[in-house]
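Before any comments, here is the structure.
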Amino acid sequence: MTSPGDELRRAGDLEGAGTVGYGSSVDLPHIGVAHVDADLTLTEVGPSRSLMQDAWRRFRRNRLAMFGLGLVVFLLLVAIIGPFLVDDPSTLYPFAKEQPTNQHWFGTDELGRDVLARVVYGIRLSIVIGFMVAIIESIIGIVVGSVSGWFGGFSDTLLMRFVDVMLGIPYLLLAFALIALLGKGVVAVIVTLALTAWLQTARSVRAGFIQTKELEYVDAARAMGVPQRRIIWRHILPNVFQPIVVLIAVGIGAAILGEAALSFLGVGIQPPDPSLGLMISESQSHFSTAPWLLIFPGVAIVLTVLGFLLIGDGLRDAFDVKDT
Amino acid sequence: MTTFLIRRFGQLMFTLLAGYTLLFLLFFALPGDPARKLAGGEGRAAPPAVVENIRVKYGLDKPIYEQYLVRLKETVTLSGRSFKTQESVRDMVAERLPNSLRLATWAIIIESCVGISLGVLSARRRGSVSDAATTIGAALAGAIPVFILAFLIRQVTGVYAFKHDWPEILRFPPLGIGPDEWYLGIIPSLAQLEYLIQPAIVLASVSTAIVARLTRTTMLEAGSSDHVRTARAKGLNSRTVVTRHTLRNALIPVVTFIGIDFGTLVGFAVLTETVFNWPGIGSKVAQAAAASDFPVMLSLSMVVMLVYGLANLAVDLSYAKLDPRIRFAGAK
Amino acid sequence: MAVPSPSPADAFLHIDDLQVGFDTEDGLVQAVRGVDLSIDRGEVVAVVGESGSGKSVTFLAVLGLHPEHHTQLSGRISWQGEDLVTADEDRLRSVRGAEISMIFQDPLTALNPVHTVGKQITETIRAHENTSKQDAKARAVDLLGLVGIPQPQRRVDMYPHEFSGGMRQRAMIAMALSCEPELVIADEPTTALDVTVQAQVLELLLSKTREVGAGLVLITHDLGVVAGMADRVAVMYAGRIAERGEIHEVFEGPRHPYTIGLLDSLPRVDAEGEERLRPIGGQPPSMLHPPPGCAFHPRCRIASEDYGCMRAIPEVVPHGHSAACWRQDEVDVLLGSRATRDAASDADAEAREQQ
């Protein structure tokens, strides 16, 4: 079904009907000028502020996305302010494996530590790791993907071959090796996760570049001698920007899950540092007697990851211009 | 067509070689002496004579490039033996690979049926309660770590059910793999099914969410496409329009995803296999890496990479069958 | 309010006060705001307008192709005496493709890329008639030959992307004619084609529909296309009909400022420099909040408060040559100045030639 908006948009496409000749000028009334002011038109096609506002408005209307946003904001607050409000997570209290009480809202663990404090610090650690990983892998991924997508040819083949090989290698092998190299702990975890995550980002960025490169308005810009760097910056990157933002949001969630998995397996964060994954692994044997040891960190992880995933989904929907 | 196949196969071989090299270097780039590790593990001081013995025994004293070639030959012919247990790699693969294949197959079956149905339903009832429920469910499935899900399921059906005397049907034996009874190599006997079903469901969970969401998106896209409008304008009844025009087109990306996922699930289901003690190839690789069991680590990783590469290749080939536009390279 | 017109019981297609609105996130988009149009058996009617004028939406509504939710439809669409607006889905399905066919703009996207062209034709035939697969396929081959596609027996098993643009559109025409419809609606059938191919396809469309005795509705934004083909023309603007009449009446003596503007904006090869292009100033209106009164007034050179151009919606009369404009008096002035301009540039051209 063509809605009027569609028709107008289609008419605005520079690549639209393409027929210039006797009789096609009936379209001209809404361009309104006899010659095309190319830079002006290109700016309008680019990442105009209204596109952002449009997407934001769409995002706001998406209830699940807003819920995700709320979750993340809440958890960020917990991560930032929480540590000031709770006890030191390594303090040992006299009563171990105690059920949730007024004094210890989340109870205590098998060593007597306050679970609430550990969960708060765990959330902070997860979010920090998530962000760090996302930033590092995004930068690597964007750079590699852009070079690959823009220049194509040999460098493209080389880089993509490399990505293929890396993708085939069992993830845990890489993890073990890097951890043996860097020692266990936060740094190793971040590096491991980042080095495996950039692959997907690179692929998506490359795909975005390849698609946009072919569009006619880029040809038009090139034909007018707009320097390459400017083309990339103003015309291509904005189009690639959308999937990147989505990937980053989802990537943070995935990184948090990854850290939890590594810690759970014993090769991530080491005790006594508070990692949610570690807490879950340690709590398994006590489940029948102290289920809260699993529940609280478990819920914390799920909510954190959920928040970022929902934001990612919401962003994807918000940027999707194809309406019915 | 055949040239395409040959070329892709060659690329796969090259990728495998590159992967092998990377792994080999990784192992040797690690700090610490592998011989000493094998002698007694870290921390335990083993007498130098023992360490030397081990070094010679495993050929770790030879120059690197020689080791590279030796291991390469060993890997390709699957003739290695575990440093730790002397078990032949070939036996290991013969035992473990089928297990992983079966687990992955059933996970794929679950994720396809459930995921696609949910996605189609979601798309048809866009905006309704069931749509929202599916979206939330999909998000949750992606957010719950596999090990938590696995643990909870085990607790409920394995321990809880026994403790509280639930009816027989709901009780599943907690861990491992059942009796080796399979029809056609793939269909489990009922006894085996009890062991298989939990890890299969857990393994399928994340992918199901992705498939559901992907199907929903592609169905919505296809549904609003021009050719569906044409199909309706021709007077076709809605069932035909949905199956022959919407679904047929929408499933193309979904099927490719599932194909690649199969390759991933076979070799990379480490967490699930570990939690459920399912003797698959992924968990064995992880074990070997942790124990510095070099030959096992190398050979099994190569097998995993091979399976992954073949799955991707199969997907590429099938893509041409699914989407006629791809068959003619360069045709506009 | 539309002037109620007599709708004879056997009027071929009669659209009566059709209104189509879409519920969007930003509000109600009034795509069609009261269209009255009649089409007689066998005639060729052109519907001309810019994008957003509502021309496609009108005819999609005839076939009931708008999704039920988010669409508000009112009015009457009488097809051989039967109202299609209130018809049930089964009846509409039997009309689509068999009694009224529609051809769309871009044959590359309008045809399903994963099915062969032959399959897409035969499924149409078999949806409406009880034919065997082989018979249907034979008919498909014949149809492809009929529309001038070479080697139809080979082509019938090929996929849409293997055809050139012009051939694809021919295939679409074949598909549309496969069940011998009585009316063919062609929505911008040549817009996506190369200029050289456009004329051929239009010619084909015209001749084939004439041969079968079917009527043809030609929707286009391109006035030049219309001249040689249609019997009557309806010019649409902002969801309403601005002017209607026999083709030569409207072309030689347009009575609506918009039509005049359209005709003016056709580039003239003989004009000099800036005279070459005379676009209509301004932008087409938003259909979310259409201007009150005559929707064209913001861009109209002779619009005036005193005549109600900003307040009251002018209407066309259902028959004969009519324009929806309150300022018929001033139109002559527009026409007059146009004539002088034409005369002036004619004189210029002659002068140049003599140099």
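The values are calculated or read from the model by the stated rules, or taken from the named source; none is laboratory data. Predicted, not measured: the structure shown is a model, and the values here were computed from it. Cβ placement follows ideal geometry from the backbone for every residue including glycine, while neighbour counts extend to all protein chains displayed. Heads up: the accessible areas ignore ligands, DNA and RNA and are worked out on the full protein's heavy atoms, side chains in. Shrake-Rupley method; radii C 1.70, N 1.55, O 1.52, S 1.80 Å.
For segment B:175-202, name all the residues that are open to solvent by less than 20 Å² (accessible area, probe 1.4 Å) and either in a helix (DSSP H, G or I) or charged (D, E, K, R) (or both).
Once the filter is applied, which keeps residues that are open to solvent by less than 20 Å² (accessible area, probe 1.4 Å) and either in a helix (DSSP H, G or I) or charged (D, E, K, R) (or both), segment B:175-202 yields B:Gln192, B:Leu196, B:Gln198, B:Pro199, B:Ala200, B:Val202.
With the requirement that a residue be open to solvent by 40 Å² or more (accessible area, probe 1.4 Å) and either in contact with a strand residue (DSSP E or B) (Cβ under 9 Å, 6 or more places away or on another chain) or within 26 Å of C:Val45 (Cβ to Cβ) (or both), what does segment C:304-334 give you?
C:Ile313, C:Glu315, C:Val317, C:His319, C:Gly320, C:His321, C:Trp326, C:Gln328
Between C:Arg338, C:Arg301, which is over 24 Å from C:Val29 (Cα atoms), open to solvent by 30 Å² or more (accessible area, probe 1.4 Å) and not in a loop (DSSP other than H, G, I, E, B)?
Going through C:Arg338, C:Arg301 in turn, the sole match is C:Arg338.
Report whether or not B:Val129 is surrounded by 16 or more Cβ atoms within 10 Å (Cβ to Cβ), farther than 22 Å from A:Leu257 by Cβ and of a type in the set (A, V, I, L, M).
For B:Val129, the condition - surrounded by 16 or more Cβ atoms within 10 Å (Cβ to Cβ), farther than 22 Å from A:Leu257 by Cβ and of a type in the set (A, V, I, L, M) - is not met.
What number of residues within segment A:159-175 are open to solvent by 50 Å² or more (accessible area, probe 1.4 Å) and within 27 Å of A:Ser275 (Cβ to Cβ)?
Count: 1.
Got at least one residue in segment B:269-276 being of a type in the set (A, V, I, L, M, F, W, C), open to solvent by less than 20 Å² (accessible area, probe 1.4 Å) and not in a helix (DSSP H, G or I)?
Within segment B:269-276, one or more residues are of a type in the set (A, V, I, L, M, F, W, C), open to solvent by less than 20 Å² (accessible area, probe 1.4 Å) and not in a helix (DSSP H, G or I).
In this structure, is C:Gly165 open to solvent by 10 Å² or more (accessible area, probe 1.4 Å), in contact with a Gly (Cβ under 8 Å, 6 or more places away or on another chain) and at pLDDT below 90?
no
Of the residues in segment B:303-324, how many are open to solvent by 50 Å² or more (accessible area, probe 1.4 Å) and either without any contact (Cβ under 8 Å) to a residue 12 or more places away in the chain or among the polar types (S, T, N, Q) (or both)?
So the answer is 1.
Taking the criterion of being more than 14 Å from A:Arg203 (Cβ to Cβ), at pLDDT below 80 and open to solvent by less than 20 Å² (accessible area, probe 1.4 Å), would at least one residue in segment A:131-147 satisfy it?
no
Output the residues belonging to segment B:22-33 that are over 22 Å from the mean Cα position of the chain (by Cα), in a helix (DSSP H, G or I) and either modelled with pLDDT under 75 or facing chain A (nearest Cβ under 9 Å) (or both).
B:Leu26, B:Phe27, B:Phe28, B:Ala29
Among what's in segment C:17-28 and is modelled with pLDDT under 90 and in contact with a helix residue (DSSP H, G or I) (Cβ under 8 Å, 6 or more places away or on another chain), pick the residue that is surrounded by the most Cβ atoms within 10 Å (Cβ to Cβ).
Checking each candidate, the answer is C:Thr24.
Among (1) buried (at least 23 other Cβ atoms within 10 Å of the Cβ); (2) more than 10 Å from chain A (Cβ to nearest Cβ); (3) farther than 19 Å from B:Ser112 by Cβ, where does B:Leu265 come up short?
(3)
Looking at (1) surrounded by fewer than 23 Cβ atoms within 10 Å (Cβ to Cβ); (2) over 20 Å from B:Ala231 (Cβ atoms); (3) of a type in the set (A, V, I, L, M, F, W, C), which is the one condition that is false for C:Met158?
Every condition holds for C:Met158 apart from (2).
If the requirement is being in a helix (DSSP H, G or I), of a type in the set (A, V, I, L, M, F, W, C) and farther than 22 Å from C:Ser78 by Cα, which of these qualifies: C:Met158, C:Met229, C:Met172?
C:Met172
With the structure loaded, tell me whether A:Ile190 is within 21 Å of the chain's Cα centre (by Cα) and modelled with pLDDT of 85 or more or whether it fails that test.
yes
Here are A:Asp156, A:Asp109: which of them is touching a Lys or Arg at 6+ places or on another chain (Cβ under 9 Å), surrounded by 16 or more Cβ atoms within 10 Å (Cβ to Cβ) and either of a type in the set (Phe, Trp, Tyr) or farther than 29 Å from A:Thr212 by Cβ (or both)?
Result of the check over A:Asp156, A:Asp109: A:Asp109.
Which is at the interface with chain C (Cβ under 10 Å from one of its Cβ atoms) and assigned to a helix (DSSP H, G or I), of B:Thr208, B:Thr230?
B:Thr230
Which residue, of B:Arg44, B:Arg96, B:Arg36, B:Arg7, is at pLDDT 85 or above and open to solvent by 80 Å² or more (accessible area, probe 1.4 Å)?
So the residue among B:Arg44, B:Arg96, B:Arg36, B:Arg7 that is at pLDDT 85 or above and open to solvent by 80 Å² or more (accessible area, probe 1.4 Å) is B:Arg7.
Which residues, counting only those in segment C:241-261, are in a strand (DSSP E or B), buried (at least 20 other Cβ atoms within 10 Å of the Cβ) and more than 13 Å from the chain's Cα centre (by Cα)?
Listed by number, the residues that qualify are C:Ala242, C:Glu243, C:Gly245.
Yes/no per residue for (1) open to solvent by 30 Å² or more (accessible area, probe 1.4 Å); (2) at pLDDT 90 or above; (3) within 14 Å of chain C (Cβ to nearest Cβ); (4) at positive phi:
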position: B:Ser224; (1), (2), (3), (4): yes, no, yes, no
position: B:Ala250; (1), (2), (3), (4): no, yes, yes, no
position: B:Ile258; (1), (2), (3), (4): no, yes, no, no
position: B:Asp261; (1), (2), (3), (4): no, yes, no, no
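Mind checking which residues of segment C:182-214 are open to solvent by 40 Å² or more (accessible area, probe 1.4 Å) and part of a loop (DSSP other than H, G, I, E, B)?
C:Glu182, C:Ala192, C:Asp194, C:Gly213
Assuming B:Lys234 fulfils every condition listed in (1) in contact (Cβ under 8 Å) with a residue 40 or more places away in the chain; (2) crowded, with 24+ Cβ neighbours inside 10 Å apart from one, which condition is it?
(1)
So if I check each of C:Ala192, C:Ala234, C:Ala227, C:Ala214, which one is more than 24 Å from B:Asp226 (Cα to Cα), within 13 Å of chain A (Cβ to nearest Cβ) and hydrophobic (A, V, I, L, M, F, W, C)?
Sole residue among the options that is more than 24 Å from B:Asp226 (Cα to Cα), within 13 Å of chain A (Cβ to nearest Cβ) and hydrophobic (A, V, I, L, M, F, W, C): C:Ala227.
Would you call B:Leu118 more than 14 Å from chain A (Cβ to nearest Cβ) and modelled with pLDDT of 85 or more?
Yes; evaluated as a whole, the condition is true for this residue.
Could you tell me which of the residues A:Gly277, A:Gly314, A:Gly266 is more than 23 Å from B:Ile136 (Cβ to Cβ), in contact with a helix residue (DSSP H, G or I) (Cβ under 6 Å, 6 or more places away or on another chain) and either crowded, with 24+ Cβ neighbours inside 10 Å or more than 8 Å from every other protein chain (Cβ to nearest Cβ) (or both)?
A:Gly277
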